[in-house]
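Have a look at the structure below before the remarks.
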Amino acid sequence: MSRYMLGDSVQVMSNFPAGSIDFILTDPPYLVGFTDRSGRSIANDTNADWVLPASREMFRVLKPNSLMVSFYGWNRVDAFVGAWKSAGFRIVGHLVFTKQYASKSAFVGYQHENAYILAKGRPALPAQPLADVQSWQYRGSTPEPSKILSRTSLLK
């Protein structure tokens with residue numbers, strides 16, 4: 001069963017019991033001041049103050065020996081990794097999602113997204129590990145299939 005909750009993630013998670021969540025997949029603001037082609041921006045995308053409190057709450061609510069997958073802004077990786085490690089997570093893998101288009105071009109054309117696999121405790125290793133490079137199928141405004149990972153795909 002899926003349930004969506006609207007609100008500040010730290011406040012929402014503070015109502016969850018400790019150790020009650022099996023798996024977390026998060027695609028947070030990348031801290032890059034993103035603005036899309038129509039001029040829309042993302043809340044809290046220029047302020048890193050939320051990263052550590054959110055990481056601590058995610059660690060608290062995650063069950064022991066479980067995984068979290070988090071996308072992040074590659075040029076702000078220090079803010080994310082520092083917060084994850086401070087919260088207690090161990091980095092156990094890294095995923096790259098290749099795209100057939102550049103979402104931005106500057107010194108290079110950005111044709112990928114990154115995510116870290118983070119562990120709380122010592123989760124069991126999967127029988128068949130997921131490849132660390134995955135393709136990305138753009139489908140307009142629908143969720144990207146590559147970003148929809150299941151706990152099963154990481155553990156079995």
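Every read-out reported here was derived from the displayed coordinates using simple, explicitly stated rules and does not represent laboratory data. Not measured: the values here are computed from a predicted model. Ideal geometry is used to build each Cβ from the backbone, glycine not excepted, and the neighbour counts take in all protein chains shown.
Just a few scattered comments:
- Which numbered condition Ser9 fails, given (1) out of contact with any helix residue (DSSP H, G or I) (no Cβ under 6 Å at 6 or more places or on another chain); (2) polar (S, T, N, Q); (3) touching a residue at least 24 places away in the same chain (Cβ under 8 Å): (1)
- Members of the range 50-79 that are touching a residue at least 40 places away in the same chain (Cβ under 8 Å), out of contact with any helix residue (DSSP H, G or I) (no Cβ under 6 Å at 6 or more places or on another chain) and not in a strand (DSSP E or B): Trp50, Met58, Arg60, Gly73, Trp74, Asn75, Arg76
- Every pair of residues 6+ apart whose Cβ atoms lie under 8 Å, when the first sits in the range 20-49 and is small (Gly, Ala, Ser) while the second is in a loop (DSSP other than H, G, I, E, B): Gly33/Asp45; Gly33/Thr46; Ser41/Gly33; Ser41/Phe34; Ala43/Pro29; Ala48/Leu31
- Exactly one residue among Ala131, Ala48 is hydrophobic (A, V, I, L, M, F, W, C) and closer than 22 Å to Phe34 by Cα, and that residue is Ala48.
- Residue that is nearest to Ala83 (Cα to Cα) [pool: residues in the range 3-23 that are small (Gly, Ala, Ser) and within 18 Å of the chain's Cα centre (by Cα)]: Ser9
- Selection count, the range 22-47, where residues are touching a helix residue (DSSP H, G or I) at 6+ places or on another chain (Cβ under 8 Å), part of a loop (DSSP other than H, G, I, E, B) and buried (at least 17 other Cβ atoms within 10 Å of the Cβ): 3
- Annotation note: Cβ proximity below 6 Å between a residue of the range 86-102 that is within 25 Å of Ser135 (Cα to Cα) and a residue that is charged (D, E, K, R) (sequence gap 6+ or interchain) occurs for Leu95/Asp132; Phe97/Glu113.
- Of everything in the range 62-77 that is surrounded by fewer than 18 Cβ atoms within 10 Å (Cβ to Cβ) and in contact with a Gly (Cβ under 9 Å, 6 or more places away or on another chain), the residue that is nearest to Val96 (Cα to Cα) is Asn65.
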